[in-house]
Amino acid sequence: MTSEDRAMLASEFCGMRFETPLVLLSGCVGFGEEYTRVSGFSNRDAGAICLKGTTLEPRPGNPAHRVYETPAGMLNAIGLQNPGVDHVVGEILPKLDFSETRFIANVSGSTVEEYAEVTRRFDDSPVDAIEINISCPNVKEGGVAFGNDPEMSARVVEVCRAATRKPLITKLSPNQTDIAGNARRCIEAGSDAFAVINTLMGMAIDIDSRSPIIGNNQGGLSGPAIKPIALLKVHQVYQVAREHGIPIIGQGGVASAEDAIEFLIAGASAVGVGTALFYDPLICQRINAGIAAYLRRHGFGTVAQLTGSLRLNDARVCGCNT
Ligand SMILES: Cc1cc2nc3c(=O)[nH]c(=O)nc-3n(C[C@H](O)[C@H](O)[C@H](O)COP(=O)(O)O)c2cc1C
């Protein structure tokens with residue numbers, strides 16, 4: 001990338017400088033070290049990296065199978081396997097190079113108190129921001145159970161807000177009816193930003209054993225299969241968030257520069273890349289170059305100018321969806 005490209009791609013997100021609009025997504029990059037062993041990969045190609053979901057105590061995760069490839073996507077039910085917040089803060093964070101990119105902690109819990117406590121521990125650490133995952137479909141308590149209930153969502157945001165002064169990003173679930181209404185409650189409770197969307201619940205069945213393939217029976221669907229849903233959810237949340245100047249990390253199935261540009265146009269200020277990294281760890285370089293070329297071609301000076309530039313069609317003629 002040229003220095004001119006770099007200047008166009010850089011932006012501010014909740015007071016943090018992102019060198020590129022790309023965010024490597026939680027659960028797809030371990031604790032920020034996973035891909036640094038891949039030749040040609042650089043954390044510097046991402047504006048930020050979300051670390052694996054972290055709970056108060058270590059969690060062994062779910063039984064196998066934990067992942068399964070589906071048409072245009074994958075199901076996963078990892079079950080928030082992680083070494084617990086003390087290990088992450090004490091052993092992992094000191095080894096990360098914070099000059100390379102911004103590192104964002106990803107917080108999960110089974111109770112409201114656990115969310116607050118994990119957030120408090122990360123507040124007292126060098127992470128740049130804290131993302132709260134109220135939308136994980138793969139754990140029995142907490143996770144999506146909180147994220148699908150606007151009252152509970154707001155409660156989790158409220159206690160986490162009280163536990164940190166770092167930027168607080170709420171990761172919203174697509175498995176709910178009124179995502180924009182939920183976003184409004186989360187803003188009132190103190191959320192600084194949103195991540196939209198987490199995975200959608202799904203299932204795959206082995207027809208010989210007649211059992212679900214995923215050990216947890218159900219899992220979260222990610223990858224290109226969910227992109228159209230994710231785009232609509234970003235558009236819907238943006239209608240609420242823009243009034244408050246709240247930025248969105250759009251995500252769900254991004255696998256090319258064109259995908260990322262769609263999310264920016266829909267209202268995202270930054271774009272997450274997750275599942276695509278599993279088959280193309282160097283994908284961020286291509287996406288960055290493609291976004292820069294698009295901005296130049298269309299006369300935009302910065303990524304921020306593209307955010308929310310969607311021109312809706314006049315749907316009044318019919319108004320229905322079929
Ligand atoms: C294997 C795997 C593990 C994940 N673990 C987490 C997690 O710990 N916390 C979280 O907030 N999201 C987690 N996610 C969701 C991703 O961060 C992302 O929101 C979702 O996969 C949609 O983006 P994608 O289609 O680009 O993968 C995980 C996704 C995958 C595929």
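Brief remarks follow.
- Filtering 17, 44 for residues that are basic (Lys, Arg) and part of a helix (DSSP H, G or I) leaves a single hit, 44.
- Condition check for residue 125: more than 12 Å from the ligand (Cβ to nearest atom), buried (at least 23 other Cβ atoms within 10 Å of the Cβ) and on the phi < 0 side of the Ramachandran plot: no
- Residues of the stretch 186-209 satisfying the condition of being part of a strand (DSSP E or B), surrounded by 16 or more Cβ atoms within 10 Å (Cβ to Cβ) and among the aliphatic types (A, V, I, L, M): 193, 195, 196, 200, 201
- Residue 293 being part of a helix (DSSP H, G or I), more than 12 Å from the ligand (Cβ to nearest atom), at pLDDT 95 or above and more than 20 Å from the chain's Cα centre (by Cα): yes
- The stretch 154-183 - residue that is hydroxyl-bearing (Ser, Thr, Tyr) and modelled with pLDDT of 95 or more and, of those, farthest from the chain's Cα centre (by Cα): 164
- Across the stretch 196-236, the qualifying residues are those that are small (Gly, Ala, Ser) and farther than 19 Å from residue 28 by Cα, and the one among them that is farthest from the chain's Cα centre (by Cα) is 209.
- Which listed residue, of 51, 56, 75, 96, is in contact with a Phe, Trp or Tyr (Cβ under 7 Å, 6 or more places away or on another chain), surrounded by fewer than 22 Cβ atoms within 10 Å (Cβ to Cβ) and over 19 Å from residue 260 (Cβ atoms): 96
- Those residues of the stretch 25-42 which are polar (S, T, N, Q) and more than 15 Å from residue 276 (Cα to Cα), in sequence order: 36, 39, 42
- Failed item, numbered, when residue 181 is tested on (1) away from the ligand (no atom under 16 Å from the Cβ); (2) assigned to a loop (DSSP other than H, G, I, E, B): (2)
- From the list 226, 169, 213, the one residue that fits, being among the hydrophobic types (A, V, I, L, M, F, W, C), within 22 Å of residue 62 (Cβ to Cβ), within 12 Å of the ligand (Cβ to nearest atom) and in contact (Cβ under 8 Å) with a residue 24 or more places away in the chain, is 226.
- A single member of 91, 4, 19 is surrounded by fewer than 22 Cβ atoms within 10 Å (Cβ to Cβ) and touching a strand residue (DSSP E or B) at 6+ places or on another chain (Cβ under 9 Å), and it is 19.
- Looking across the stretch 237-280, just one residue is within 15 Å of the ligand (Cβ to nearest atom), more than 17 Å from the chain's Cα centre (by Cα) and either part of a loop (DSSP other than H, G, I, E, B) or farther than 28 Å from residue 70 by Cα (or both), and that is 280.
- Of the residues making up the stretch 110-134, those that are of a type in the set (Gly, Ala, Ser) and at pLDDT below 95 number 1.
- Of residues in the stretch 1-38 being of a type in the set (Ser, Thr, Tyr) and at pLDDT 95 or above, the one farthest from the ligand (Cβ to nearest atom): 11
The values are calculated or read from the model by the stated rules, or taken from the named source; none is laboratory data. Predicted, not measured: the structure shown is a model, and the values here were computed from it. When we count neighbours, we look across all protein chains shown, and the Cβ atoms used for this are built from the backbone with ideal geometry, even at glycine.
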